[in-house]
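Engineer: Below is one structure. I have some questions about it.
The values are calculated or read from the model by the stated rules, or taken from the named source; none is laboratory data. Keep in mind that this is a model prediction, so the values were computed, not measured. All Cβ positions, even for glycine, are placed from backbone atoms using ideal geometry, and neighbour counts span all protein chains on display. Remember, those area values only see protein heavy atoms, side chains included, never the ligands or the DNA or RNA. Shrake-Rupley method; radii C 1.70, N 1.55, O 1.52, S 1.80 Å.
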Amino acid sequence: MDFAAHTTPMPAPPTILTLNAGSSSIKFALYRAGDPPARGLNGGIERIGSGEARLAYVDAPAGGAGGGRHESDVGSLDHRGAARFLLDWLEDRVGLAALAAVGHRIVHGGPRFYEPQRVDPAMLAELRRLSAFAPEHLPAALELVDRLRERAPDLAQVACFDTAFHRGMPQVARLLPIPRRYQTQGVERFGFHGLSYEYLMGELGRVAGREAAAGKVVLCHLGNGASLAAVKEGKGVDTSMAFTPAAGVPMSTRSGDLDPGLAWYLAQSEGMGAQQFDRMVNQESGLLGMSETSSDIRDLLAVEATDTRAAEAVAVFCYQVRKWIGAFAAALGDLDTLVFAGGIGENAPVIRARICESLGFLGVTLDPSRNAAGAAVISADGSRVVARVMRTDEDVIIAKAVFRVLALPSTQSNPPANPSEA
């Protein structure tokens, strides 16, 4: 008997799309059901708004079988144009009708949204009202939601909020020292990079055990955007970003914390308005503002020996991160684990070394060879605090949330031989 002829084919596991809209980029990834979900085609449009936008994508994980990395110029695109271009490209490449759902990273959920949930008109109305909370990010994310609703009105969309991880912080960390009436309007410390922190804490438990994840942990998400979080017993205790992502440590183009009196001083001395001030602290400050040459720490490290401004920008960045680690150790009452993640945290051993060089009093001692190699554990054998380097993955957290919220089957583990076909 020909059993193959009478065998009912197994249905293909559902495929979802994750979208992550930043201030100058849109990242995407396709996932098929699995444990964990299997990533396929992924990439993004970078340098949006610069006049030199680029599409970069990978056909298969790490350039594996059946694919590799590809890049192309896509010209001058604002966020609306980039959203349309990307959706056109995905339609041609995989077809939106083939998707079971879409998951979005939404940077700010305000006081109402802190659990992943399906997008509906009421949520969209509230997020539009909150756009002033995160003007660099929320409008771009909502643009993607709107364009998808136009093209595929029946396609389920799920919002995953970057502020959710910090929702349980104690009042002493959330309350801002300004008149109480503003708290009733939703003005408080929200914190960001929450999807990254959720992933890192899950990975910490997986690689180091439940006891380590339940200890006193400082997470350093250091990339173009940079923040730190203090975590105790698996829950957020404090974080460096505040009401907006501009607060905390200096970043590539964001200032981090500033004297609030500076706004009034610049208004008097230069006639600077609120919009100009916002542009300065978000797009013209940080490493770029201090160095006057580049927002990329790799560029600054390459010339710091001959460029004082570059050297000072790097030094201020390391100094401020080190200060926040010390402050969070005080908030936690001790420190058990220090984690470096993000583009800088994962890939810049010299920055990790400079950040940790004065933290011996906390029990942080790096092993220079491990650190230079980017080992998973970079602390010395005798270090009381375990220092780790971890690769973060916000997209897989979004993917898992979509499968969970929509009750899609998520336990099949049969990814395609060529994930670019997902």
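Engineer: Calculate what fraction, in whole %, of the accessible area of the chain sits on carbon and sulfur atoms when a 1.4 Å probe is rolled over the protein chains. Intermediate values should be presented prior to the final figure.
Structural biologist: On the way: 9870 of 19430 Å².
Looking at the chain in its full context, I get 51 percent from C and S.
Engineer: For helix 138-151, what angle does its Cα long axis make with the longest principal axis of the chain, in degrees from 0 to 90 and rounded to 10?
Structural biologist: Approximately 10 degrees, to the nearest 10.
Engineer: Please give the per residue accessible area of region 264-422, computed with a probe of 1.4 Å over protein heavy atoms only, in Å².
Structural biologist: Working: 7840 Å² over 159 residues.
Normalised by residue count, the accessible surface of region 264-422 is 49 Å².
Engineer: Next question, about the same structure. Okay, helix-only estimate at 222 nm for the chain: each DSSP H run of n ≥ 4 adds -39500 (n - 2.57), divide by all residues, round to 500 deg cm²/dmol; what do you get? Walk me through the numbers before you get to the answer.
Structural biologist: Values: 16 runs with 155 residues, N = 422.
Value at 222 nm, helices only: -10500 deg cm²/dmol.
Engineer: Residues of region 29-147: accessible area per residue at 1.4 Å, in Å²? Walk me through the numbers before you get to the answer.
Structural biologist: Values: 5040 Å² over 119 residues.
For region 29-147, the per-residue accessible area is 42 Å².
Engineer: What's the ranking of 41-50, 158-167, 257-266 by average number of surrounding C-beta atoms within 10 Å, highest first? Intermediate values should be presented prior to the final figure.
Structural biologist: Values: 41-50: 20.0, 158-167: 25.0, 257-266: 12.3.
Result, highest mean Cβ count within 10 Å first: 158-167, 41-50, 257-266.
Engineer: Taking H as built 1.01 Å from N, whose amide H comes closer than 5 Å to the amide H of residue 158, not counting residues under 5 places away?
Structural biologist: 102, 103, 104, 119
Engineer: Something else: To the nearest 10 Å², what's residue 184's accessible area with a 1.4 Å probe?
Structural biologist: For residue 184, solvent-accessible area is about 120 Å².
Engineer: Where does helix 394-405 land angle-wise versus the long Cα axis of the chain, in degrees 0 to 90, nearest 10?
Structural biologist: 50
Engineer: Ranked highest first by average number of other Cβ atoms within 10 Å, how do 367-380, 345-358, 235-248 line up? Could you put the intermediate results ahead of the total?
Structural biologist: Details: 367-380: 15.9, 345-358: 19.1, 235-248: 22.9.
Ranked by mean Cβ neighbours within 10 Å, highest first: 235-248, 345-358, 367-380.
Engineer: Can you work out the Karplus-derived ³J(HN,Hα) for every residue in region 308-314? Use 6.51 cos²θ - 1.76 cosθ + 1.60 with θ = phi - 60°, whole Hz, and x for glycine or proline.
Structural biologist: Values, residue by residue: 4, 5, 5, 4, 5, 4, 5 Hz.
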